[in-house]
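These notes are about the structure you will find just below.
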Amino acid sequence: MNVLVVVAHPDDEVLGCGATGAALAASGHLVRACFLAAGAEARGGRPETAELSADTARAQAELGFGAPILGNFPNIRLNTVPHIELVRFIENAILESGAQVIFTHHPADLNDDHVQTVRACMAAARLFQRRTDVKPLRRLYLMEILSSTDWAFPSGSETFRADTFFEAGDVWLARKLAALRAYRGVMRPFPHPRSEEVLRALAAYRGGQSGLRSAEAFQTAFAAAVAADDLL
Ligand SMILES: [Zn+2]
């Protein structure tokens, strides 16, 4: 199964599904990240674009992901891009990757780039119902991003509700942390949410919710099965 992780920024793919994605890649699935704003413009305290590109490549290698799909939409200003342009870019990424499983942001997120990304991704994910040459979507998962989804204030949007859990054991959690460290300037000292302490604590908390030792959690937006076995 081909998997596409549609995110706004380099590092979101690691924070959201680094452990799960690494495990899927190790199982032989082709996992690729699609970044809408792959450049470093306006990234406070972050490296220059060339450094960010190098960091992004190292992180994908740590996770065992395939070649990323890089967008150059404006960082922190995705709201200035016509919705249709973001939708078309993601549709092309779905076509290029042949993805039938998509991970993306959650609509209740403090970061507006993340909100714009999931809005466009939701529309793009229906491509298979508009065109017969597109592989049907099997799963669409929404991710929680530390320092963004957890920082959202109560609003009209329904907050993140974990309903799907993946056992992120020591090996996969270590891969996630290594991939995050590949990005200069992302990890912060505790109690910032992007610290090793909070990442490990969230994995333990999601594990405790689901009867697993540690876990990454997702909210399922869509699931379709063609054989009853697929539901098991
Ligand atoms: Zn982000």
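Comparing mean-square fluctuations of Val101, Val134, Val115 from a GNM of the chain with C-alpha springs under 10 Å, the top value falls on Val134. Averaging the Cα positions of each part gives two centres, and for region 109-126 and region 18-84 these lie 15 Å apart. For region 144-232, the list of GluC sites (Glu not before Pro) that fall in a loop by DSSP and count at most 15 other C-beta atoms within 10 angstrom reads Glu158. Taking a ≥ b ≥ c as the square roots of the eigenvalues of the Cα gyration tensor, the chain is rounded, since a/c falls below 1.5. Over region 1-141, accessible surface divided per residue gives 39 Å², non-protein components excluded, 1.4 Å probe. From the alpha carbon centroid of region 190-225 to that of region 141-166 is 11 Å.
Legend: calculated FRET efficiency, Ser157 to Ile76, from the Cβ-Cβ distance at R0 = 25 Å, rounded to 0.05, equals 0.80. When the charge dipole of the chain is built from unit charges on Cβ atoms (+1 for Lys and Arg, -1 for Asp and Glu) and taken about the Cα centre, the candidate among Leu78, Gly207, Leu110 whose Cα reaches farthest toward its positive end is Leu78. Taking the accessible area of region 60-195, probe 1.4 Å, and keeping the other protein chains in place, the carbon and sulfur fraction comes to 54%.
Multiplying the residue separation of Arg131 and Leu110 by 0.36 nm and removing their Cα-Cα distance gives an extension gain of 4.2 nm.
Could you grab the Rg to Rh ratio for region 104-232? Cα atoms only, Kirkwood for Rh.
Working: Rg = 16.4 Å, Rh = 16.4 Å.
Using Cα coordinates only, the ratio equals 1.00.
The values are calculated or read from the model by the stated rules, or taken from the named source; none is laboratory data. Predicted model only: the values in this text are computed from it and were never measured. FYI the Cβ positions are ideal-geometry reconstructions off the backbone, even for glycines, and counts take in every protein chain you see. Heads up: the accessible areas ignore ligands, DNA and RNA and are worked out on the full protein's heavy atoms, side chains in. Shrake-Rupley method; radii C 1.70, N 1.55, O 1.52, S 1.80 Å.
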